[in-house]
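Beneath this line is the structure, given in C-alpha cells, with notes to follow.
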Amino acid sequence: MFNMYKLYIFCLFLFGYVAVDAQTKPISLIPPKGKAIAAFAEGCFWCSEHIFESVVGVEKVISGYAGGTTKNPTYEQVSAENTGHAESVLVYYDPSKVSFESLVNVFFASHDPTTKDQQGPDHGSSYRSIAFYFSTNEKLTIEKTIRNLELSKAFKKKIVTEVLPIKVFYQAEEYHQDYIEHNPENPYVSSVSIPRFEQFKKKFKGKLKK
C-alpha cells in the first residue's frame, strides 16, 4: 500500500537530508515531581505529538517507540514492521490541570480505534492503536472509556485498541521531535496531519490551548 510518510522519509535519506538512524535508548518513565506521564500509540507520531501538545495541562510530548520487544529500535527497523513496536508518544502533564481520563478522551477523539494496523494512509503494526497504562487504575479507566464508547455507538465498528502496560519507551530520533512545528510545508503534514488535527479540534470537548 502506498505510504506518503515512508516515501518522504526515504527521499530524505536518498538525498542526504537526514542522517542514518543511530540506535535509540530508553528514557525514564519516572515523571518530574508533581507531574505525571501517559503513553499512547495512534498512528503517525508526528500527528499524535501535535494533537496532545494542544491540550491544556500537557507540558511536553516526546515521539518514540513502544509496545514491542526489539531493544533500542531505529525508525527504519520499526518501519520494517518486525520489532513489535508502534509509533508512540509519551505525554508529560500536570494532573492538577488535566486528568488521565481526559487524555484518554483525547486519544479516542484523535484517531480511528477501529482500524487494525492502520491510520489513514499508513498501514502496518507500527501504526496500531494502543492505550498504555502505568497502574491498575489507569487500566480500569481505559477499559471503562472503551465500554462507554461502544455502548454509545460512538464508532460504527468494534474498537480494536490494545490496552497494554508500558514497560519501556524509546525516544525517536531527533528529527522526528516537534516535526510538524519544524516542517509545516511537508506534503504529509499538510495533507494528512493538519486535517486530522482540525478534525480532532471539532470533535474534542475538552480545553485546548489557544
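No lab work stands behind these numbers, since they all come straight from the coordinates. All figures in this text were calculated on a predicted structure; none of them were measured in a lab. No Cβ is skipped: glycine too gets one built from the backbone with ideal geometry, and neighbour counts run over all protein chains shown.
Along the charge dipole of the chain, Cβ charges K/R +1 and D/E -1, which of Ala36, Ser193, Trp46 sits furthest on the positive end?
Positive-end residue among those listed: Ala36.
Please give the calculated 222 nm ellipticity per residue for the chain, where each DSSP H segment of at least 4 residues contributes -39500 (n - 2.57) and the sum is spread over every residue; nearest 500 deg cm²/dmol?
Here the helix-only value at 222 nm equals -9000 deg cm²/dmol.
Roughly what percent of Cα-Cα pairs across the chain reach past 30 Å?
16
Give Lys60/Lys156; Lys97/Lys202; Lys157/Lys201; Lys157/Lys210 a once-over and call out the pairs whose C-alpha atoms are over 28 Å from each other.
Lys60/Lys156; Lys157/Lys210
By counting other Cβ atoms within 10 Å of each Cβ, how are Leu149, Leu140 ranked from fewest to most?
Details: Leu149 16, Leu140 12.
With the fewest neighbours first, Leu149, Leu140 line up as Leu140, Leu149.
Based only on other Cβ atoms within 10 Å, what is the fewest-to-most ordering of Ile30, Ile130, Ile194?
Ordered from fewest to most neighbouring Cβ atoms within 10 Å, Ile30, Ile130, Ile194 come out as Ile30, Ile194, Ile130.
Of Ile27, Pro184, Asn105, which is farthest along the charge dipole of the chain in the positive direction, counting Lys and Arg as +1 and Asp and Glu as -1 at C-beta?
It is Asn105, whose Cα lies furthest towards the positive end.
Just want the ordering: Thr115, Thr24, Thr70, from fewest to most Cβ atoms lying within 10 Å of their own Cβ. Don't skip to the answer; put the middle values down first.
Details: Thr115 17, Thr24 21, Thr70 14.
So the ranking, lowest neighbour count to highest, is Thr70, Thr115, Thr24.
Multiply the residue gap between Glu150 and Ser99 by 0.36 nm, knock off their C-alpha separation, and tell me the result in nm, one decimal place.
Result for the pair: 16.2 nm of gain on full extension.
Pick out, in residue order, every one of the chymotrypsin sites (Phe, Trp or Tyr not before Pro) in the range 163-203 that is DSSP loop and has at most 11 other C-beta atoms within 10 Å; say none if there are none.
Loop-located and lightly packed - none at all.
Counting Lys and Arg as +1 and Asp and Glu as -1, each charge on the Cβ, what is the dipole of the range 32-196 about the Cα centre in debye, to the nearest 20?
It comes to approximately 800 debye.
Hey, how many Å between the Cα centroid of the range 148-210 and the Cα centroid of the range 84-127?
6
Which trypsin sites (Lys or Arg not before Pro) in the range 98-197 sit in a loop by DSSP (not H, G, I, E or B) and have at most 12 other Cβ atoms within 10 Å of their own Cβ?
Lys153, Lys156, Lys157, Lys158, Lys167
Mind checking which aspartates and glutamates have their Cα closer than 18 Å to the Cα of Lys203? Skip sequence neighbours fewer than 8 apart in that chain.
Counting by Cα, and skipping residues close in sequence, Lys203 has these aspartates and glutamates nearby: Glu42, Glu49, Glu53, Glu101, Asp112, Glu150.
Figure the gain on full extension for Lys71 and Lys158 (residue separation times 0.36 nm, minus the Cα-Cα span) and round it to one decimal in nm.
Using 0.36 nm per residue and subtracting the Cα-Cα distance, I get 28.1 nm.
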